[in-house]
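Asker: First the structure, which I've put down as structure tokens, then a few questions once you've had a look.
The values are calculated or read from the model by the stated rules, or taken from the named source; none is laboratory data. Note that the structure is a prediction, hence the values are computed from the model and not measured. Please note: Cβ atoms are built from the backbone with ideal geometry, for glycine as well, and neighbour counts cover all protein chains shown. For the accessible areas, the whole protein counts, side chains as well, though only heavy atoms, and no ligand, DNA or RNA atoms are used. Shrake-Rupley method; radii C 1.70, N 1.55, O 1.52, S 1.80 Å.
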Amino acid sequence: MVNASTRLILLKSFSHLEEVYCVKNVQRTVNAITAEKNILLTIADDYAAWDDTYSFALDLDPDYIRSKILPETFTSLNLNFIIFSDNSGHVFDSYGYDLINNAALTIPPDFLDLISNNQLFHNHDNTRQFAGIVQLNAGPFLFASHPI
């Protein structure tokens, strides 16, 4: 009888402890994603605010890309993709970089489809910054956008 009651108390304690650890780990994950999202929003805001970026959106001057969108840009900012699109979802320029292999990287076609079909921003008015996570064929994708 003592053995059975001790076992029940221990199992109940372990179950509660497991629940507490699970909640803490989920909160850590949420905090990490929120921090990454905020970093991406800051980067998007910085680039969108530059007069050079505004000029590039108007004239597509290749000097902007040669001077601002370098491999070092991706590695220092820990980015894989930089995509320029208009409010209707037309992508007018995009760049990808593989941070592990230090090589050009193709933008996932399903992400470009989401942009071109305006599915990412259907509840968004394109007048302020926005960040989120989408599930792509290659896995989850954290992104941020900001109007130029």
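Asker: Within the set of pairs 6+ apart or on separate chains, which have a first residue in region 27-42 that is among the aliphatic types (A, V, I, L, M), a second that is open to solvent by 70 Å² or more (accessible area, probe 1.4 Å), and C-beta atoms under 6 Å apart?
Answerer: From region 27-42, the pairs are L41/Q129.
Asker: Starting from region 61-74, keep only residues that are free of Cβ contacts under 8 Å to residues at least 60 places away in the same chain, then list their pairs with residues that are among the charged types (D, E, K, R) and open to solvent by less than 60 Å² (accessible area, probe 1.4 Å) whose Cβ atoms are within a distance under 8 Å, requiring at least 6 positions of separation or different chains.
Answerer: I65/D93
Asker: For region 49-148, which fully contained strands (runs of 3 or more DSSP E) count at least 2 residues that are of a type outside the set (D, E, K, R), exposed (fewer than 11 other Cβ atoms within 10 Å of the Cβ) and within 17 Å of the chain's Cα centre (by Cα)? Even if it seems obvious, please write down each step before you answer.
Answerer: Values: elements: 81-85, 91-98, 130-136, 139-145.
In region 49-148, the matching strands (runs of 3 or more DSSP E) lie at 139-145.
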